[in-house]
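Since the structure comes first, as structure tokens, the remarks are kept for the end.
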Amino acid sequence: MRKTYVRLLTEYGIVAVVVWFTLFFVVLVGAWAAIRYGWDPAPLAARLGLDPRGLVATAGAWALAYVVAKLTTPLRVVVTLALTPIAARAYERVTGRKAGGVMEADHGATTG
């Protein structure tokens, strides 16, 4: 999976990063809104083997939303792999420039 993600970054560059962070913030804000406006995380905590009256009850909505976002990481990786080529094509159509990879700018560069 790591090789696939590195290949994705090499081929699509910043577009892959933007897709990844967009998905992360959509999940984070969506989870926060759900918690803030009525979703009870206690059943999920119980299912994960956590005490629903402990940390889950005292943690803030943003902290719980972050935990939810981290739990969705495997799903976000799959969605990022699927959406990045589509987003890259849209970027190319809109800007007229190729969505180049992160590594392309480093080829031939010298350090020192």
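The values are calculated or read from the model by the stated rules, or taken from the named source; none is laboratory data. Keep in mind that what you see is a predicted model, and the values were worked out from it rather than measured. Every residue, glycine among them, receives a Cβ derived from its backbone with ideal geometry; neighbour counts consider all protein chains shown. We work out accessible area using only protein heavy atoms, side chains counted, and drop any ligands, DNA or RNA first. Shrake-Rupley method; radii C 1.70, N 1.55, O 1.52, S 1.80 Å.
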_Between a residue in the range 38-53 that is under 11 Å from LEU64 (Cβ atoms) and part of a loop (DSSP other than H, G, I, E, B) and any residue that is at pLDDT 80 or above and open to solvent by less than 70 Å² (accessible area, probe 1.4 Å), which pairs come within a Cβ distance under 7 Å, given they are 6 or more apart or on different chains?_
PRO41/ILE35; PRO41/LEU64
*Would you confirm whether any residue within the range 97-105 is over 20 Å from TRP20 (Cβ atoms) and modelled with pLDDT under 90?*
yes
*Looking only at residues in the range 19-52 that are surrounded by fewer than 16 Cβ atoms within 10 Å (Cβ to Cβ) and closer than 15 Å to THR84 by Cα, which one is farthest from the chain's Cα centre (by Cα)?*
THR22
*Answer yes or no as to whether LEU23 is modelled with pLDDT under 90 and assigned to a helix (DSSP H, G or I).*
no
